[in-house]
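The values are calculated or read from the model by the stated rules, or taken from the named source; none is laboratory data. Note that the coordinates shown come from a computational prediction; the quantities given were computed from them, not determined experimentally. Quick reminder, even Gly has a Cβ in these numbers, built from the backbone with ideal geometry, and neighbours come from all protein chains shown.
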Amino acid sequence: MSAIMNEARELMKLWGGFRASRVLLTANNYRVFDHLTKAKSAKAVSQKLKTDIRATEILLDALTGIGLLKKHKNIYSNAPLASKFLVSGKPYYQGDILRHADALWQNWSGLDEVMKTGKPYRKAHDHKSFILGMHNLALLKAKDIIKQIGLKGAKTALDLGGGPGTYSIEMARHGVKVSLFDRPETIEIAMDVTGKAGMKNMDFITGDFLYDDVGKGYDLIFASQILHSCSEKEIIHLFKKCRKALNKKGRLVIQEFYLEKDRTHPVSSALFSVNMLINTPGGRSYSPDEMKKWLLMAGFKNAEEKIMNDTVLVQAVKL
Ligand SMILES: C[S@@+](CC[C@H](N)C(=O)[O-])C[C@H]1O[C@@H](n2cnc3c(N)ncnc32)[C@H](O)[C@@H]1O
């Protein structure tokens, strides 16, 4: 193939990426992978799903092409990746976050308009998929993250914007008395998730962390993936509030997507900024340097960071 064709291929990969993504999201919406734990023909799948046979066959072939299914003599079944992550009830199931991505897809379609207005284009949102999606993602790393944070000396903790409570559960398993703060509609889901995990001794506080009291007397405040939905002004306000809520020598630990100083890499974090541009009035990804600067402005000391691939933990102490 000519050199120019190879160069153009790079571009095609970028603009054509949406096709594989759409095929996967639609398959997840129809729960195709739940139906292919046992091998089936396209006709059998279409009968189960009540879908058009031609459409089903074309979708299943594309899913096979992108590596999510296997096809043998016109019979399809899940490939290992789908089997592990896309079948309901599996320990590392990711179907909820895919359903959340499906809502985001609709919002991302408004990016042209956002470029003019600078305002969010948040037409679609399914709160349950969003919060359970957070659980899907956090289950992949909660044990490691809590180990990295270290809970020595922490008797009480606040999981601020704790979502489904995945990190709360992990902290509580280490004997920490955890309070989870979030909006009422999220707390409802968190109670269900933590209850199913057998957590009985957890406190739940409902409110808006920008406007409401978050309690006090905490040795540790964990703020995981909440800053990116806030503006710089809101973050400094929130840091001051956290400092007041901490005990002396208490720690605020932040988890965010890692973003380099020039804000272009890792690519996933630069793209996540676009997500926050589309979905919030003032949010984006932030670099550790920005977060550390604001922590010091809020009166914290000893601000430091730990980078783990595309994730960063930033922590600071109230002395
Ligand atoms: C991206 S999720 C992160 C959930 C969890 N901390 C985690 O890392 O898996 C953000 C959470 O913050 C909550 N949240 C966002 N803004 C909030 C606000 N102003 N007040 C209270 N909760 C808020 C959302 O309801 C959601 O549960």
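Residues are listed down the side, and each one gets a yes or a no for (1) crowded, with 17+ Cβ neighbours inside 10 Å; (2) under 26 Å from V114 (Cβ atoms):
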{"site": "Q225", "(1), (2)": "yes, yes"}
{"site": "E232", "(1), (2)": "no, yes"}
{"site": "V253", "(1), (2)": "yes, no"}
{"site": "S285", "(1), (2)": "yes, yes"}
{"site": "K292", "(1), (2)": "yes, no"}
{"site": "N309", "(1), (2)": "no, no"}
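Counting only residues that are free of Cβ contacts under 8 Å to residues at least 60 places away in the same chain and aromatic (F, W, Y), region 115-153 holds 1 of them. Within region 172-207, the set of residues being part of a strand (DSSP E or B) and of a type in the set (D, E, K, R) comprises K177, D182, D203.
Being under 17 Å from the mean Cα position of the chain (by Cα) and either hydrophobic (A, V, I, L, M, F, W, C) or within 12 Å of the ligand (Cβ to nearest atom) (or both) narrows it down to one residue among A197, A190; which is it?
Numbers: A197 fails: under 17 Å from the mean Cα position of the chain (by Cα).
Matching residue, one of A197, A190: A190.
Only a single criterion out of (1) closer than 30 Å to G282 by Cβ; (2) without any contact (Cβ under 8 Å) to a residue 24 or more places away in the chain; (3) among the basic types (K, R) is not satisfied by K48, namely (1). Condition (residue is outside any helix (DSSP H, G or I) and either not β-branched (V, I, T) or not assigned by TED's automatic domain parsing to the domain that holds G283 (or both)) applied to region 127-138: is it met by at least one residue? Looking for residues that are outside any helix (DSSP H, G or I) and either not β-branched (V, I, T) or not assigned by TED's automatic domain parsing to the domain that holds G283 (or both), one finds none in region 127-138, hence no.
Results for (1) in contact with a strand residue (DSSP E or B) (Cβ under 9 Å, 6 or more places away or on another chain); (2) crowded, with 18+ Cβ neighbours inside 10 Å, shown as yes or no for each residue.
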residue	(1), (2)
R19	no, no
L24	no, yes
T37	yes, no
K43	no, no
K50	no, no
I53	no, no
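Could you check, for region 155-171, whether at least one of its residues is in contact with a Ser or Thr (Cβ under 6 Å, 6 or more places away or on another chain), assigned to a strand (DSSP E or B) and more than 16 Å from the ligand (Cβ to nearest atom)? For region 155-171, residues in contact with a Ser or Thr (Cβ under 6 Å, 6 or more places away or on another chain), assigned to a strand (DSSP E or B) and more than 16 Å from the ligand (Cβ to nearest atom): absent.
The lone criterion from (1) of a type in the set (K, R); (2) more than 23 Å from A298 (Cα to Cα); (3) modelled with pLDDT of 95 or more left unmet by K200 is number (3). Out of region 18-66, which residues are part of a helix (DSSP H, G or I) and of a type in the set (V, I, T)? Of everything in region 18-66, those that are part of a helix (DSSP H, G or I) and of a type in the set (V, I, T) turn out to be V23, T26, V32, V45, I53, T56, I58, T64. Residues in region 70-85 that are surrounded by 13 or more Cβ atoms within 10 Å (Cβ to Cβ) and over 10 Å from T37 (Cα atoms): K70, K71, I75, L81, K84, F85. Considering D219, D208, which residue is within 15 Å of the ligand (Cβ to nearest atom), of a type in the set (D, E) and in the same structural domain as G282 (by TED's automatic domain parsing)? Answer to the check: D208. If we scan region 234-243, do we find a residue that is within 9 Å of the ligand (Cβ to nearest atom), among the aromatic types (F, W, Y), at negative phi and modelled with pLDDT of 95 or more? No, there is no match, as no residue in region 234-243 is within 9 Å of the ligand (Cβ to nearest atom), among the aromatic types (F, W, Y), at negative phi and modelled with pLDDT of 95 or more. Apart from one condition, D213 fits all of (1) over 21 Å from the mean Cα position of the chain (by Cα); (2) acidic (D, E); (3) outside any loop (DSSP other than H, G, I, E, B); the exception is (3). Within region 244-262, being away from the ligand (no atom under 15 Å from the Cβ) and among the charged types (D, E, K, R) holds for K244, K248, K249, R251, E260, K261, D262.
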